[in-house]
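Enquirer: A single structure is presented below for examination.
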Amino acid sequence: MKRVVFVLLGILLVCSLGFTTGQEEKIVMKLGHIRDLEHPTHKAALKFAELVKEYSQDRIEIKVFPNSQLGGPTEMFSQLQSGDLEMVYGGINTMAWIGGGEPYEITSMPFLYRDYDHMRRALKADFFQPAQKQVEEATGIKIVNMAGDTAPRGLSTNRSVKSVNDLKGLKIRTAASETALRLWKHFGALPQQIAYAELYMALKTGVVEAQENGSLVVANNKFYEVQKFYIRTDYIRDIETFYMSMPLWNTLSDKDKNLILKASEEAGVYETELTLKVIEESYKTLRAKMTVIEPPGLDIDSFRDSVIGLFNDWEGKKWPAGMLEKIRSLK
């Protein structure tokens, strides 16, 4: 039944987008994302639209809708599935939030990915392609290209943390996810759930003594006023990803698919460059306000070694068995 629905959606998209046999007509696509106008993701989305227009000689137009104008990630994924939205640019982590996308929970595994390049190569490796195909078929969403670095997560604390042993007894505000709770309890910390709006005051009053977010969040929210240390663990990463409605993708010519891939790759490089600049600026701010502990002063291997095996019970259930070790061993 789902296959029939996708085929019908494809027919409708062909008609609505102006495709006719034997000729190339103008195509207009909406692209949604959740970031604000100054965020690297939005600037990269605009670059993508500009490049697609150039490479298609004005035949394909991408209209960009920032700031969650079209909804949050799950709402936009639903619109991709219904054919009401053509494209989304957002994190690959979010693919796991919808039915059929569960294998991508592996993208949120802590201390698994060494850096952006390692994560991207792992998710594009031959051993991961069957999982991607399975997800695309189950969701009706095409993962066009994972391209664009994002700010990884670390933690700010009121105690020096140089190895995994320093986390014992640490009262830390974390997400309420099963992954986060399992991780921090494993480390011997005391995870707490506190509304984000109340986090600054909770840190100030000592309700919690640490929180886990990236350097941009710490700098932008001035957590350095109530925290002494930033620990550069970079322990959870994400990749901004171009998604498209699968029925629409299937109607495109090879020429159009290739130009979209080329534009998305170049836009992803641009996004990564902007993101690295913004991250470096955030660290300049943090280093002037607090002590930043990072490798080699931070024993990152003690964290990585500690979590090996922690999520093995999800192997073969949420993602294919053996995938964690394949990713971890990728050079």
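Since every read-out is calculated from the coordinates, none of them should be taken as a lab result. Fair warning: this is a prediction, and the values are worked out from it, not measured in the lab. Glycine also receives a Cβ, built like all others from the backbone with ideal geometry; neighbour counts cover every protein chain displayed.
Enquirer: Counting only other residues whose beta carbon sits under 12 Å from that of L123, what net charge do I get with K and R as +1, D and E as -1? Each step should come with its number before you reach the end.
Expert: On the way: positive: R120, R121, K124, R237, K326; negative: D117, D126, D238.
With Lys, Arg at +1 and Asp, Glu at -1, the net is +2.
Enquirer: Say the cut-off is 18 Å between C-alpha atoms; which of K171/K289; K171/K284; K47/K284; K53/K262 go over it?
Expert: Over 18 Å Cα-Cα: K171/K289; K171/K284; K47/K284.
Enquirer: Where does the charge balance sit around E271 when Lys and Arg score +1, Asp and Glu -1, over other residues with C-beta under 9 Å from its C-beta? Intermediate values should be presented prior to the final figure.
Expert: Values: positive: K43, K47; negative: D149, E240, E273.
Here the count lands on -1.
Enquirer: Okay, next question. Quick one: dipole size for the chain, taken about the Cα centre, charges +1 on Lys/Arg Cβ and -1 on Asp/Glu Cβ, in debye to the nearest 20.
Expert: Value, rounded to 20: 720 debye.
Enquirer: Right, here's the next one. Take the residue pairs K43/K331; K168/K228; K63/K277; K124/K228 and return only those whose Cα atoms are more than 28 Å apart.
Expert: On the way: K43/K331 32 Å; K168/K228 18 Å; K63/K277 26 Å; K124/K228 39 Å.
Beyond 28 Å: K43/K331; K124/K228.
Enquirer: Return the single residue from L112, L123, L310 with maximal mean-square fluctuation; model: Gaussian network over the chain, springs between Cα atoms under 10 Å.
Expert: L310
Enquirer: Related question: Which of the listed residues, F77, G91, H118, is farthest toward the dipole's positive end in segment 38-120, when Lys, Arg count +1 and Asp, Glu count -1 at the beta-carbon?
Expert: Result: H118.
Enquirer: Only helices at least 24 Å long along their own axis, judged from Cα atoms, and with Kyte-Doolittle mean hydropathy of -1.0 or greater: name those in the chain from DSSP H. Provide the component values of the computation, followed by the final result.
Expert: Working: long enough: 254-289 (52 Å, -0.67).
Both cut-offs are met by 254-289.
Enquirer: Let me ask something additional. In deg cm²/dmol, rounded to 500, what helix-only [θ] at 222 nm does the chain give when every DSSP H run of at least 4 residues adds -39500 (n - 2.57) and the total is split over its residues?
Expert: Counting only the DSSP helices, I get -13000 deg cm²/dmol.
Enquirer: Have a look at F48, V64, S282 and report the one farthest towards the positive end of the charge dipole of the chain, computed about the Cα centre with Cβ charges (Lys/Arg +1, Asp/Glu -1).
Expert: S282
Enquirer: Which order do H39, H186 fall in if you start with the one that has the fewest other Cβ atoms within 10 Å? Walk me through the numbers before you get to the answer.
Expert: Details: H39 19, H186 15.
Result, fewest neighbours first: H186, H39.
Enquirer: Going through segment 174-235, which GluC sites (Glu not before Pro) have at most 12 other Cβ atoms within 10 Å and a DSSP loop state?
Expert: Details: sites: E178, E198, E209, E212, E225; in loops: E209, E212.
Sparse-neighbourhood loop GluC sites (Glu not before Pro): none present.
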